[in-house]
1. How far apart are the A:Ile71 label points across copies, placing each 7 Å from Cα toward Cβ, in nm, shortest first?
2. If you wrap a convex hull around the alpha carbons of the protein assembly as shown, what volume per residue comes out, as a whole number of Å³?
3. Taking the Cα atoms only, what angle lies between the long axis of helix A:46-58 and the longest principal axis of chain A, rounded to 10 degrees?
4. Am I reading the A/B interface right? What is its buried accessible area, both sides, 1.4 Å probe, to the nearest 100 Å²?
5. Taking the Cα-to-Cβ direction at B:His70 and at A:Arg69 and moving 7 Å from each Cα, how far apart do the two end points lie in nm?
6. If we hang a label 7 Å off Cα along the beta carbon direction at B:Leu42, how far is it from the matching labels on the other copies, in nm, shortest first?
7. Starting from the Cα of B:Glu43, step 7 Å along the direction of its Cβ; do the same at B:Thr27; then give the gap between the two resulting points in nm.
8. I'd like the orientation of helix A:3-13 relative to chain A: the angle between its Cα long axis and the longest Cα principal axis, in ° from 0 to 90, rounded to 10.
Number of protein chains: 2
Amino acid sequence: MKDQDAVIALGAIAQEDRLAAFRLLMTRGPDGLPSGAIAERLEIQPTRMSFHLAALERAGLVTTRRDGRHILYSVDYERMRNLLTFLMEDCCGNNPDVCCLPANRPTNPSIADRT
Amino acid sequence: MKDQDAVIALGAIAQEDRLAAFRLLMTRGPDGLPSGAIAERLEIQPTRMSFHLAALERAGLVTTRRDGRHILYSVDYERMRNLLTFLMEDCCGNNPDVCCLPANRPTNPSIADRT
DNA sequence: TTCATAATTCGATAATACAGGAAATATTGT
DNA sequence: ACAATATTTCCTGTATTATCGAATTATGAA
């Protein structure tokens, strides 16, 4: 992921309503939710929600697909993974001592090879 | 970490110059770097660098300490860890199947208890 | 104390982003 | 074709953020 992509992705979730929507979508998995349902759940006006969801989509963090008269928004988990990887790169990669990995997870990349 | 804190922290690194500065500081560990050195390295005017570093500090992502006529900026790794944890909460917590953890790390929190 | 260096703060301007409501588009059911 | 639903796009005003240069504060050295 390039710096510019990260800036856009970070900017997308650096807003109250969008962060709330994104986190809600994360809990829904690939099925996702339509804009209206998200708006209702978060008590945000539909036109606002649409605006914010468009920003998340531009940032690549969510994808859309139409289902009848609904448009379903769902998280692009791989994109999110890429963003988190990007944020950790300069941390543990060059500085194993002071690691920013959450929950005291092992810093050794070989952990990925375990079952 | 509260939503509002996350929004501020994310907004802090959602900017080209600040993201570059933050990533540079991450590679430096607790020692950090003075504003001038960062500005020179990134080819950013000192007054702008100062402005952006102040934003990172307000967001809690970096701390400062004076050393002679230098003011050293360094990453608050715990804060960064908290932010990353926050971002992953709604992912693997509620949805072990579609996980956004980087590098295929185990999703089971008990991993933290291993040696 | 006076000079030079490191960095920040201030004031003005320019660029972006946010919010609300009206209008437009797409889809389904009658 | 028509009405209803789901959602987006457009327009306007407002607020936040970024940039630049000049002035200011803090420190160390002569």
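The values are calculated or read from the model by the stated rules, or taken from the named source; none is laboratory data. Not measured: the values here are computed from a predicted model. Glycine gets a Cβ as well: all are built from the backbone with ideal geometry, and neighbour counts include every protein chain shown. The protein model used for the area step is the full one, side chains on, heavy atoms only, and it has no ligands, DNA or RNA in it. Shrake-Rupley method; radii C 1.70, N 1.55, O 1.52, S 1.80 Å.
1. Nearest to farthest, the other copies are at 4.5 nm.
2. Working: hull volume 29.3 nm³, N = 230.
Dividing the Cα hull volume of the protein assembly as shown by its residues yields 127 Å³.
3. Result, in degrees: 40.
4. 3900
5. 6.5
6. Output for B:Leu42: 2.8 nm, nearest copy listed first.
7. 1.6
8. The angle comes out near 50 degrees.
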